[in-house]
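All remarks here apply to the structure that follows.
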């Protein structure tokens with residue numbers, strides 16, 4: 001819970017301090033705001049009480065009126081080391097508490113030359129002005145926002161060291177199931193993870209296996225292609241120079257232009273078209289060359305004598 005301590009001088013700003021106290025208590029809660037006139041038990045050493053109180057405080061408000069330093073320049077209340085207001089400000093500065101000067105009744109921040117050396121740091125704290133007139137609500141609202149901002153900044157500063165000081169929680173490693181070792185077949189080389197040489201050796205072995213598979217596939221495809229090769233035409237014996245060797249059978253219908261285009265002459269015998277494999281043996285007629293294509297010529301038959 002946020003704790004706010006109000007430091008003030010009763011003969012300087014009693015009335016407006018009461019109004020500020022009521023507004024803060026209504027916003028933050030009665031237990032969050034401390035004011036010395038209500039809280040110091042009788043007979044208590046106020047030096048120790050102030051020290052303990054500021055240890056528990058988050059924000060300290062110093063209400064500064066026209067007579068905060070004393071009735072006049074010749075009677076400075078702050079000049080006494082036992083002055084309660086001086087002790088409160090000194091303790092807040094020593095403990096480095098968020099200290100907000102609140103200027104009331106048109107008061108101004110005192111100069112450092114009129115303050116004890118222990119209070120010189122107070123004059124450099126940024127002050128908030130609160131008038132008792134018609135702007136009171138606006139000024140107190142601004143003061144409340146300043147308190148909330150300082151409290152939030154203090155909370156962040158306190159959380160970060162706490163997080164850094166907390167022990168880190170390491171994630172528990174998940175136990176992996178045991179893996180049975182892989183035993184290679186008898187005669188296979190054993191690859192052991194003993195460095196870069198083993199990795200390179202394994203890569204080379206994989207390449208050899210891949211090349212072997214490619215070779216086997218290539219030989220098999222070549223064998224299949226040889227088995228399914230088409231029929232050949234062969235000629236035996238003496239051949240005439242009419243057909244070039246090697247290749248498929250050719251059918252030549254005479255030497256006329258019709259025969260060159262692959263059409264039989266008009267007076268050619270009506271024979272079924274040749275098909276399949278043509279094989280010639282023994283003496284061949286002109287037009288066939290050895291070991292190659294077969295040419296079949298249709299010569300016109302001699303006319304019968306009349």
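The values are calculated or read from the model by the stated rules, or taken from the named source; none is laboratory data. Since this is a predicted model, take the numbers as computed values, not measurements. All Cβ positions, even for glycine, are placed from backbone atoms using ideal geometry, and neighbour counts span all protein chains on display.
Values as computed for the structure displayed
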quantity	calculated
Residue, farthest from the chain's Cα centre (by Cα), within region 85-106, restricted to residues that are touching a residue at least 60 places away in the same chain (Cβ under 8 Å) and over 20 Å from residue 54 (Cα atoms)	105
Residue within region 58-68 that is in a helix (DSSP H, G or I), in contact (Cβ under 8 Å) with a residue 12 or more places away in the chain, assigned by TED's automatic domain parsing to the domain that holds residue 101 and in contact with a helix residue (DSSP H, G or I) (Cβ under 9 Å, 6 or more places away or on another chain) present	no
Any chance residue 52 is under 57 Å from the mean Cα position of the chain (by Cα) and free of Cβ contacts under 8 Å to residues at least 40 places away in the same chain	yes
Residues located in region 21-49, provided they are exposed (fewer than 13 other Cβ atoms within 10 Å of the Cβ), over 55 Å from the mean Cα position of the chain (by Cα) and part of a loop (DSSP other than H, G, I, E, B)	41, 42, 43, 44, 45
Residue in region 153-161 that is in a loop (DSSP other than H, G, I, E, B) and either modelled with pLDDT under 60 or assigned by TED's automatic domain parsing to the domain that holds residue 22 (or both) present	no
